[in-house]
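See below for the structure under consideration.
The values are calculated or read from the model by the stated rules, or taken from the named source; none is laboratory data. Since we're looking at a predicted model, the values are computed, not measured. With ideal geometry, Cβ positions are generated from the backbone for all residues, glycine too; neighbour counts draw on all protein chains shown.
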Amino acid sequence: HFADAQRTDLMTITRYVLNEQTRYPESRGDFTILLSHIVLGCKFVCSAVNKAGLAKLIGLAGETNVQGEEQKKLDVLSNEVFVKALVSSGRTCILVSEEDEEATFVDPSLRGKYCVVFDPLDGSSNIDCGVSIGTIFGIYSIKDGDEPKLADVLQPGKHMVAAGYCMYGSSCTLVLSTGSGVNGFTLDPSLGEFILTHPDIKVPKKGQIYSVNEGNAKNWDEPTTKYVERCKFPKDGSSPKSLRYIGSMVADVHRTLLYGGIFMYPADKKSPNGKLRVLYEVFPMSFLTEQAGGQSFTGKKRALDIVPNKIHERSAIFLGSYDDIEEIKALYAQEEAKA
Ligand code: P6P
């Protein structure tokens, strides 16, 4: 009987968000409309990524993006789709994309109250070899009703009203938090709907996996070096942790949320602020991790407390299981005490 109910009682992402909305009687459904446009963008990118190899979309567009990385056609396409979907939703006023050097201020005729920061196709250097990649997004409300200004997207991550990612892998999974927990939805291509498949995701309190690019070990600082050493040669007689590093943030974070452990992109001598971008990589993934009961730390402070000065600013990040992050925080605190 339950199986029947499950088959007919489909909890789609739209229905889930509408249910959420009933918690805010004053809301006029703007967020639901915004989210439906983000979902449309994810469906488009999922379809384009799945047929990229066939549609010869693979290969360099010849241009380089603001990050100086060679731009693949899918990057360009995904960015255009998301910008157009978000602007046409009539619910946004400022957009920040990894692909665009400047923020986009939406025309007053289409302006809404939300600011969206996003990486339309993170991990795109992995497209050609079929590794999972993803879209990462975070949503702020404009600070006060008058003219949108850059300060509205330079808010600390803790002021985000929602964050999520869509992972394009063996299946297309959208993981979302609107501030009351984390839920995962999987695209059913036959319906074109995202169906709730991972209700109320919680990061295991402690994990057996560490995830870092060991190739940067030469440049790590003392606390990171010590922590990784502990993962490999535990002093307390426990078994060493496993190393899992995919090199695509969405895939590494998705595994961390589901299986536990720690994902790290530390600062190092070569990149004193790490590599990952604050607004549309660190903040959304930290928001989700905290909502799932984990922690996210920069080496100096809680990641969501960062106040960005520039829209493409970077930060170091250590996120994942609550207890594992406590360990890395203690090592940085010891370092701090020595200074
Ligand atoms: P590295 C992909 O290019 C990305 O931005 C993230 O998705 C990923 O976590 C990171 O960079 C990988 O960086 O230096 O280990 O190749």
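From the residues in segment 101-128 that are among the aliphatic types (A, V, I, L, M) and under 13 Å from residue 89 (Cβ atoms), which one is farthest from the ligand (Cβ to nearest atom)?
Only one residue tops the list, namely 110.
Within 13 Å of the ligand (Cβ to nearest atom), of a type in the set (Lys, Arg) and not in a helix (DSSP H, G or I), is that true of residue 270? Here the answer is yes, as residue 270 does meet what is asked. How many residues, within segment 221-251, are part of a loop (DSSP other than H, G, I, E, B), in contact with a strand residue (DSSP E or B) (Cβ under 6 Å, 6 or more places away or on another chain) and of a type outside the set (Lys, Arg)? Going through segment 221-251 one residue at a time, the tally reaches 2.
When 277, 255 are checked against the criterion of being charged (D, E, K, R), under 16 Å from the mean Cα position of the chain (by Cα) and over 23 Å from residue 204 (Cβ atoms), 277 stands alone in meeting it.
Condition check ((1) touching a helix residue (DSSP H, G or I) at 6+ places or on another chain (Cβ under 6 Å); (2) at pLDDT 95 or above; (3) acidic (Asp, Glu)) across all residues:
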{"position": "139", "(1), (2), (3)": "no, yes, no"}
{"position": "145", "(1), (2), (3)": "no, no, no"}
{"position": "163", "(1), (2), (3)": "yes, yes, no"}
{"position": "167", "(1), (2), (3)": "yes, yes, no"}
{"position": "171", "(1), (2), (3)": "no, no, no"}
{"position": "175", "(1), (2), (3)": "no, yes, no"}
{"position": "203", "(1), (2), (3)": "yes, yes, no"}
{"position": "212", "(1), (2), (3)": "no, yes, no"}
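I'd like the full set of residues that are in a strand (DSSP E or B) and of a type in the set (Gly, Ala, Ser), limited to segment 289-316. Result: 296, single match.
Kindly evaluate residue 319 against the criterion of being surrounded by 22 or more Cβ atoms within 10 Å (Cβ to Cβ) and assigned to a helix (DSSP H, G or I). In short, no. Of all residues assigned to segment 209-220, none qualifies as being touching a strand residue (DSSP E or B) at 6+ places or on another chain (Cβ under 8 Å), farther than 20 Å from residue 275 by Cβ and surrounded by fewer than 16 Cβ atoms within 10 Å (Cβ to Cβ). Name the single residue that is farthest from residue 255 (Cα to Cα) among those in segment 129-150 being surrounded by 14 or more Cβ atoms within 10 Å (Cβ to Cβ) and within 16 Å of the ligand (Cβ to nearest atom). For segment 129-150, the residue satisfying everything is 138. Considering segment 224-261, the residues that are away from the ligand (no atom under 16 Å from the Cβ) and of a type in the set (Asp, Glu) include one that is farthest from residue 329 (Cα to Cα), namely 236.
Among the candidates 264, 285, the residue that is within 13 Å of the ligand (Cβ to nearest atom), under 29 Å from residue 129 (Cα atoms) and assigned to a strand (DSSP E or B) is uniquely 264. Scanning segment 172-194 for residues being in contact with a Leu (Cβ under 6 Å, 6 or more places away or on another chain) and either assigned to a loop (DSSP other than H, G, I, E, B) or surrounded by fewer than 18 Cβ atoms within 10 Å (Cβ to Cβ) (or both) gives a total of 1. Contact map, segment 80-101: first residue more than 20 Å from residue 161 (Cβ to Cβ), second residue in a helix (DSSP H, G or I) and at pLDDT 95 or above, Cβ cut-off under 6 Å, separation 6 or more or different chains; pairs are 81/41; 98/280; 99/79. The number of residues in segment 231-247 that are over 30 Å from residue 133 (Cα atoms) and not acidic (Asp, Glu) comes to 6.
Could you pull out every one of the strands (runs of 3 or more DSSP E) wholly within segment 90-171 that has 3 or more residues that are over 24 Å from residue 27 (Cα atoms) and out of contact with any Phe, Trp or Tyr (no Cβ under 8 Å at 6 or more places or on another chain)?
Once the strands (runs of 3 or more DSSP E) in segment 90-171 are filtered for at least 3 residues that are over 24 Å from residue 27 (Cα atoms) and out of contact with any Phe, Trp or Tyr (no Cβ under 8 Å at 6 or more places or on another chain), what remains is 162-168.
Looking at segment 241-253, I want the residues that are farther than 13 Å from residue 276 by Cα and have a partner that is assigned to a helix (DSSP H, G or I) and more than 7 Å from the ligand (Cβ to nearest atom) with Cβ atoms under 6 Å, at least 6 apart or on another chain. Which pairs are those? From residues that are farther than 13 Å from residue 276 by Cα, the pairs are 241/231.
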